[in-house]
Amino acid sequence: MGLFDKIAKGLSRSREKLSGGLSEIFGRSSFDEDFWDDLAETLILSDVGVPTTDTIIDELKTKVRKEGIKDPQEAKECLKECMVNRFAQPQNDIFEEKGACVLFVGINGTGKTTTVGKIAKQLHDEGKAVILGSADTFRAAAIEQLDVWAKRANVEVVSRERGSDPAGVCYSAIERLEETDADIVLIDTAGRLHTSADLMRELQKCVSVVRKRNKAGVYTVLVIDATTGQNGLVQAREFDKALDIDALIITKLDGSAKGGIALAISSELNLPILKIGVGEGLDDLRDFEAKAFIEALVG
Ligand SMILES: Nc1nc2c(ncn2[C@@H]2O[C@H](COP(=O)(O)OP(=O)(O)OP(=O)(O)O)[C@@H](O)[C@H]2O)c(=O)[nH]1
Ligand SMILES: [Mg+2]
């Protein structure tokens, strides 16, 4: 299966929801008020969010006027372009930066540990020396879970006993990076609600310890579960406020009818999406590509 097919398969539930509605709307004979209202409603119902939908509609209206498009059918490609344009672009490839440390954060069960495992495998397969930091010292069996992924990916993991200070684990992981001259550290953190001030402070401490200690770049990546829909936006806002998030990974797009949330969060918070999760397996992680994503979402 090609890259596009895999994304398309993953996004099939989201597409089912969006594609039929759009076909009907773009099959109409003119751009009347109902056309624009129904288009906005369809995008909003697909979790694209109100501000992002408004921007897309404004941009599309301008295009239609400027290019003198009369037939809605011809405007569908323009809609896709407008949607693609809303995604924030990454500045650099953080996984390529020698000595970088990437912390994976998010609420409970979004797929942080799984994603760390999948990325470790990808980077190891590219020939990079990867160190994992097991900073979820809270949840039962979290350390063992990351160990399993480390074995699958064939990479080293730095951990301490359950209940110890996660910032300490982060510090040790950076020491290990330096000792071994490894290429990158990926840190798995415990899931926590964005509303829990104490636990958010604990994460801030992890990030600040790593920032002080590491010589190369330190990045915070927020892992969002696509099936949570609009609540993902609330989570992203709060995590961004507390930690100044650098980028997003959207997981579980395979089981979600709410793929539009990826566009809403990336656009509203100006955060690039680095990867998307399309299944539970080791290889079910794809580089994010805006054009292919929208193609798979809209059909
Ligand atoms: N379908 C699907 N399932 C996924 C994906 N990513 C993760 N999962 C599943 O989601 C569940 C939770 O994954 P974890 O990696 O343990 O999530 P977590 O964020 O580390 O959870 P906590 O550490 O408890 O906060 C597991 O059953 C994973 O297999 C994905 O892209 N698609
Ligand atoms: Mg975990």
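The values are calculated or read from the model by the stated rules, or taken from the named source; none is laboratory data. Being a predicted model, the structure only gives us computed values, none of them experimental. FYI the Cβ positions are ideal-geometry reconstructions off the backbone, even for glycines, and counts take in every protein chain you see.
Is there a residue in segment 194-216 that is out of contact with any Ser or Thr (no Cβ under 8 Å at 6 or more places or on another chain) and under 20 Å from residue 53 (Cα atoms)?
Just the residues of segment 194-216 that are out of contact with any Ser or Thr (no Cβ under 8 Å at 6 or more places or on another chain), to begin with: 194-202, 204-205, 208-216.
From the residues that got through so far, the ones that are under 20 Å from residue 53 (Cα atoms) too are none.
For segment 194-216, residues out of contact with any Ser or Thr (no Cβ under 8 Å at 6 or more places or on another chain) and under 20 Å from residue 53 (Cα atoms): absent.
Please verify whether segment 130-149 includes one or more residues that are under 21 Å from residue 281 (Cβ atoms), touching a residue at least 24 places away in the same chain (Cβ under 8 Å) and away from ligand 1 (no atom under 13 Å from the Cβ).
Within segment 130-149, one or more residues are under 21 Å from residue 281 (Cβ atoms), touching a residue at least 24 places away in the same chain (Cβ under 8 Å) and away from ligand 1 (no atom under 13 Å from the Cβ).
Could you list, in sequence order, the residues of segment 171-199 that are surrounded by 22 or more Cβ atoms within 10 Å (Cβ to Cβ) and within 16 Å of ligand 1 (Cβ to nearest atom)?
186, 187, 188, 189
Please determine, by comparing only the residues of segment 203-232 that are among the hydroxyl-bearing types (Ser, Thr, Tyr) and modelled with pLDDT of 95 or more, which one is farthest from the chain's Cα centre (by Cα). Even if it seems obvious, please write down each step before you answer.
Filtering segment 203-232 for residues among the hydroxyl-bearing types (Ser, Thr, Tyr) gives 208, 219-220, 227-228.
Filter once more, so that each one left must be modelled with pLDDT of 95 or more: 208, 219-220.
Numbers: 208: 22, 219: 14, 220: 12 Å.
This residue is 208.
Can you pull out every residue in segment 62-98 that is among the β-branched types (Val, Ile, Thr), without any contact (Cβ under 8 Å) to a residue 40 or more places away in the chain, touching a helix residue (DSSP H, G or I) at 6+ places or on another chain (Cβ under 7 Å) and assigned to a helix (DSSP H, G or I)?
64
Based on this model, can you work out whether residue 67 counts as away from ligand 2 (no atom under 16 Å from the Cβ), loosely packed, with under 14 Cβ neighbours inside 10 Å and not β-branched (Val, Ile, Thr)?
Criteria met by residue 67.
Quick check on segment 243-262: of everything there that is in a helix (DSSP H, G or I) and touching a strand residue (DSSP E or B) at 6+ places or on another chain (Cβ under 9 Å), which residue is nearest to ligand 1 (Cβ to nearest atom)? Working first, answer last.
So the first thing to find is which residues in segment 243-262 are in a helix (DSSP H, G or I), and the list is 243, 253-255, 260-262.
The next check asks that each one be touching a strand residue (DSSP E or B) at 6+ places or on another chain (Cβ under 9 Å); those that pass are 243, 253-254, 261-262.
Numbers: 243: 16, 253: 7, 254: 5, 261: 14, 262: 12 Å.
Per the criteria, the residue is 254.
A quick yes/no check of all residues on (1) part of a helix (DSSP H, G or I); (2) under 30 Å from residue 10 (Cβ atoms); (3) touching a strand residue (DSSP E or B) at 6+ places or on another chain (Cβ under 7 Å); (4) not acidic (Asp, Glu):
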{"position": "186", "(1), (2), (3), (4)": "no, yes, yes, yes"}
{"position": "193", "(1), (2), (3), (4)": "no, yes, no, yes"}
{"position": "201", "(1), (2), (3), (4)": "yes, no, no, yes"}
{"position": "221", "(1), (2), (3), (4)": "no, yes, yes, yes"}
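How about segment 269-292: which of its residues are assigned to a strand (DSSP E or B) and surrounded by fewer than 17 Cβ atoms within 10 Å (Cβ to Cβ)? Explain how you work it out, then say what you get.
Step one: list which residues in segment 269-292 are assigned to a strand (DSSP E or B), which gives 273-277, 285-287.
Of everything in segment 269-292, just one residue is assigned to a strand (DSSP E or B) and surrounded by fewer than 17 Cβ atoms within 10 Å (Cβ to Cβ), namely 287.
I'm checking my understanding of the structure. Among residues of segment 99-121 that are buried (at least 18 other Cβ atoms within 10 Å of the Cβ) and more than 11 Å from ligand 1 (Cβ to nearest atom), which one is nearest to residue 254 (Cα to Cα)?
Here the answer is 119.
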